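Everything on this sheet refers to the single structure shown next.
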Amino acid sequence: MSKASEAIAGVRAEVDKLSDKVTALEVAINAGNKASEKEFLVLTELLMGQLLKLDGIKAEGEAKLQRKAEVRRVQNLVDTLDSLKARNSNPFSNSGNTTTVTTQWETFESGMEGSNDTSTTSTKITQDWERGLGAARKLLPCDMVVTMGNGLSVTKSPAED
């Protein structure tokens, strides 16, 4: 076994222990229990330390593939912790981290709608245009509504971007 493979195996053993802790934390949160912010911080920092160790390992061939797989595993565990932390801090969340994004649209009417005088050519053209296009009016985004898995909605205007 090469030095790189041995180093990766050592990191893998540490990540296995941390993975068990992440799983236990996930089970607790799914059961409705709360965890301290410190638990998330400590686990994330420990995982990031393992990621730094993996970055320092020079590997070729099979060892390089093992290192890459372990890096992905650590990144997935950190993502899981981030998701759990968000669920833990939201007291209304009980359905996971489902988020739905929808966009509301505002319709802008033609500025010439108020005219009832059909004797002029411009009014006739405007009426024909409105009749022909009907629902094909210009649609511009006005708000984005984000509905969280817990049913709460957040509205964000494009100007806030």
Legend entry - Pairwise FRET efficiency - Glu62 versus Ala24, Cβ, R0 = 22 Å, nearest 0.05: 0.10
Legend entry - Label-to-label distance, nm, for residues given as Ala13 and Ser89 (7 Å Cα→Cβ offset): 3.6 nm
Legend entry - Per residue, the convex hull volume that the Cα atoms of the range 1-66 enclose (Å³): 75 Å³
Legend entry - Full-extension gain in nm, Arg72 to Ser2, via 0.36 nm per residue minus C-alpha separation: 23.1 nm
Inset, instruction - May I ask you to derive the FRET efficiency for Lys34 and Asp82 from their Cβ-Cβ distance with R0 = 22 Å, giving the value to the nearest 0.05? - result: 0.85
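The numbers here are math on the coordinates, done by the rules we state, and not lab data. Not measured: the values here are computed from a predicted model. Reconstructed Cβ throughout: ideal geometry from the backbone, glycine too, with neighbour counts over all protein chains shown.
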